[in-house]
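Note sheet for the following structure.
The values are calculated or read from the model by the stated rules, or taken from the named source; none is laboratory data. Treat the numbers as computed from the prediction; the structure is a model and nothing was measured. So basically every Cβ, Gly included, is an ideal-geometry build from the backbone, and we count neighbours across all protein chains shown. When the accessible area is computed, the model is the full protein with side chains, heavy atoms only, and any ligands, DNA or RNA have been set aside. Shrake-Rupley method; radii C 1.70, N 1.55, O 1.52, S 1.80 Å.
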Amino acid sequence: MADLFFYGTLCHVPLLERVLGRSGISLQPATLPDHAVFWAEGEGFPLLAPAPGQQATGLLARELSPEDEARLRFYEGGFAFGDKQVTVQTAQGPACANVFFPEPGRWATGAPWNLADWQARWAAINMRAAEEIMAWYGRFTLDQIARNFTPIGIHATAWVSARSRPADPDRDVTRDVEVVDHRRAYLSFFGMEEIELRFRRHDGSMSAVLNRGMINVGEAVVVLPYDPVLDRVLLVEQFRAPVFMAGDRAPWVWEPVAGLVDPGETPETSAHREAEEEAGLSLRRLEPAGGVYSSTGSSNEFLNLFIGIADLSGQPNGGGGLDHEGEDIRSAILSYDALMDGVDRHLYRDMPLVTCALWLARHRERLRNQG
């Protein structure tokens, strides 16, 4: 049996219980002398670092089982944390315990960390991410779960965002949907989940048990850059593996700027970031053009659509994208009339591009008057 000192996110007891898969954990307040807890710079979790004269507050978990330890190492392994033995102070005196330390040099130290601040901004996302991480316990190695931590965070962010949207005023999913079984079948760049469920039919009866699947993509942003003074738009073209995999012989596709919403980002922040990354473009402002699911029968991908008001006068046709994400992107600037001619002649095969172009057609006069 082992004793562990928790100083950060695992002091949020519901998260600790989710990781361990049980409740009834023996916990008591404790401090670690000559250490302090800081935010990892630019991240949503804390670091423990030496700090002479200070003390890190936390919780001491007593007599954890080998299974508890294994589950904790699996969860913390995704954050590149290792453990070492320390002496902590409790109301009953000093006690030896293990503590998870960050991998040296992996993250920069930020501002002092505060549990309440983390709970307000990150707890819901971390709780959802922990559910997916621990679903792979016993199925993935530490290296495998660490490689997939980014998509897991994106999935969790999208789920929390979806839960914040208005509920159906005429139906209650806790009453009108019955989940029989839910499985996570695959995880890599995207995920695949399977479910068996019943739902309430329009006549009031419950359906038969149905087996369905979902591609777990996450929440995304789509931005069509538009210059209302020049009456021009910017499009980007890139190779799309799913189009190639579908058998299409033209897998290079013209699209708006687009990308997934990262953990901790708002859709607006993501839209500005993606415009800079994919087209080297600074947007003046965003015009919301809708929020839609891209394919309700197969995917959870939710698209935040924007028209990005920009100055395209000095914007050359060129390339963009991030090498570490395997992106190879070129951009082109064309007139509004050329864009709509392409829509009318069915030249464009990207649904978000056509949707944004049609929204622009309805609001172009107002945007041009606003400048």
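For this structure, a couple of remarks:
- Evaluated at q = 0.07, 0.11, 0.15 Å⁻¹: base-10 log I(q)/I(0), Debye formula over Cα of the chain: -0.42, -0.91, -1.28
- Among G77, G342, G24, residue whose mean-square fluctuation peaks in a GNM of the chain (springs only between Cα atoms under 10 Å): G24
- Under 5 Å between amide hydrogens, built in the peptide plane, is the criterion, and for D83 it picks out F101 among residues at least 5 positions away or on other chains.
- Working from label points 7 Å from Cα in the Cα-to-Cβ sense, the D143 to V243 distance is 3.5 nm.
- Computed from phi, the 3J(HN,Hα) profile of region 231-236 under the Karplus parametrisation 6.51, -1.76, 1.60 (θ = phi - 60°) reads 6, 10, 10, 10, 10, 10 Hz, with x in place of Gly and Pro.
- Among C11, C96, C356, residue whose mean-square fluctuation peaks in a GNM of the chain (springs only between Cα atoms under 10 Å): C96
- Gain on full stretching of the segment that runs from A162 to M192 - 0.36 nm per residue minus C-alpha separation: 9.0 nm
- Taking amide H positions as modeled 1.01 Å from N, with prolines and chain starts lacking one, no residue 5 or more places away or on another chain lies under 5 Å from F190.
- Whole-Hz couplings from phi, Karplus 6.51/-1.76/1.60, listed for region 353-369; x for Gly and Pro: 5, 4, 4, 5, 5, 5, 5, 4, 4, 6, 10, 4, 4, 4, 5, 5, 5
- For the chain, the relative contact order is 12 percent, taking Cα pairs closer than 8 Å that sit 6 or more residues apart in sequence and dividing their mean separation by the residue count.
- Cβ-Cβ FRET estimate between L367 and I215, R0 fixed at 30 Å, reported to 0.05: 0.30
- Per residue accessible area of region 1-92, 1.4 Å probe, in Å²: 44 Å²
- Comparing G153, G259, G138 in a Gaussian network model of the chain (Cα springs below 10 Å), the most mobile by mean-square fluctuation is G138.
- Carbon + sulfur, % of accessible area of region 130-230 - ligands and nucleic acids excluded, 1.4 Å: 55 percent
- Probe 1.4 Å, accessible area per residue of region 164-265, Å²: 58 Å²
- Accessible area in square angstrom per residue, region 105-154, 1.4 angstrom probe: 52 Å²
- If the segment from S313 to V229 were pulled out straight at 0.36 nm per residue, it would be longer than the present Cα-Cα gap by 29.3 nm.
- A full extension of the chain between T57 and E103 corresponds to an added length of 14.5 nm, given 0.36 nm per residue minus the alpha carbon distance.
- The trypsin sites (Lys or Arg not before Pro) of region 244-288 that DSSP puts in a loop, and whose beta carbon has at most 15 other beta carbons within 10 Å, are R249, R284.
- Range of Cα positions in region 49-167 per principal axis (Å), largest first: 50, 32, 30
- Projected area, mean over directions - region 163-308, Cα convex hull, nm²: 11.9 nm²
- Per-residue 3J(HN,Hα) values for region 59-71, derived from phi via the Karplus relation 6.51 cos²θ - 1.76 cosθ + 1.60 with θ = phi - 60°, read 10, 9, 9, 9, 6, 6, 7, x, 5, 4, 4, 5, 5 Hz in sequence order (x marks Gly and Pro).
- Sequence ranges 331-337, 30-36, ranked by mean other-Cβ count within 10 angstrom, highest first: 30-36, 331-337
- Amide H within-cut-off set for W113, under 5 Å, with H built and near neighbours excluded: V37, F38, W39
- Mean Cα-pair separation over length for region 230-371, i.e. relative contact order, pairs under 8 Å, 6 or more apart, %: 27 percent
- Rotationally averaged projected area of region 223-371 (alpha carbon convex hull; nm²): 9.2 nm²
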